[in-house]
Amino acid sequence: MKYMLIMRATDEAYEKMGDVDFDTMLETVGRFNDELIRAGVLVAAEGLADSAEGVVVDYSAEAPVVTDGPYGETKELFGGFYLLNVASKEEAVEWAKRMPMGGPGFKTEVRRVSTIDEFPQDNEWIAKERAWREATGQL
């Protein structure tokens, strides 16, 4: 089963990260990533650029409205993710507990990733996606 560990934090928590020595942070995260790799559970891991570089596409109006970041009125921002292939939610949670991010304002959300097998297989669009995934080696 695949689980996504979604790294979230408040603006204040991200600001505090700026006080951490970059080489120290790379060493700490690198060691954790190496553990995931050696355990054979890491599928992908990515961080996100600062929200000031992003945009929000809001679908509340008839025509979507695009607004430049940083985002207003957020309590937490999504800062990156790990995608793990593990046996259970409990195993994903154990990995999340070991993530080298901690302290006030930091959280990790653990969510199962749905598979294509969970959708109606007689649907034309699911069949097309399955064919694409098979052709690209994803299945």
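Report yes if E94 is acidic (D, E) and surrounded by 15 or more Cβ atoms within 10 Å (Cβ to Cβ), otherwise no. Here the answer is no, as E94 does not meet what is asked. Does E46 qualify as being closer than 23 Å to M101 by Cβ, at pLDDT 90 or above and open to solvent by 80 Å² or more (accessible area, probe 1.4 Å)? Against the criterion (closer than 23 Å to M101 by Cβ, at pLDDT 90 or above and open to solvent by 80 Å² or more (accessible area, probe 1.4 Å)), E46 qualifies.
Applying a threshold of 6 Å to beta carbon distances and a minimum spacing of six or more residues, or different chains, the list of pairs starting in segment 100-126 at a residue that is touching a residue at least 60 places away in the same chain (Cβ under 8 Å) and ending at one that is among the hydroxyl-bearing types (S, T, Y) and not in a strand (DSSP E or B) reads P100/T28; G105/T10.
Cβ-Cβ distances below 9 Å connect the following pairs, each with a first residue in segment 1-20 that is of a type in the set (D, E, K, R), a second residue that is open to solvent by 60 Å² or more (accessible area, probe 1.4 Å) and not in a loop (DSSP other than H, G, I, E, B), and a separation of six or more residues or different chains: K2/V43; K2/N85; K2/R112; R8/F78; R8/K107. Residues considered: D34, D23, D19. Of these, the only one that is among the acidic types (D, E) and either closer than 28 Å to V113 by Cα or assigned to a strand (DSSP E or B) (or both) is D34. Going residue by residue through segment 57-64, is there one that turns out to be touching a residue at least 60 places away in the same chain (Cβ under 8 Å), within 27 Å of Y14 (Cα to Cα), open to solvent by 50 Å² or more (accessible area, probe 1.4 Å) and not hydrophobic (A, V, I, L, M, F, W, C)? No: segment 57-64 contains no residue that is touching a residue at least 60 places away in the same chain (Cβ under 8 Å), within 27 Å of Y14 (Cα to Cα), open to solvent by 50 Å² or more (accessible area, probe 1.4 Å) and not hydrophobic (A, V, I, L, M, F, W, C).
The values are calculated or read from the model by the stated rules, or taken from the named source; none is laboratory data. This one's a predicted model, so the numbers in the text were calculated from it and none came from an experiment. Heads up, the Cβs are rebuilt from the backbone with ideal geometry, glycines too, and the neighbour counts pull from every protein chain shown. Please note that ligands, DNA and RNA were not included when accessible areas were found on the heavy atoms of the full protein model with its side chains. Shrake-Rupley method; radii C 1.70, N 1.55, O 1.52, S 1.80 Å.
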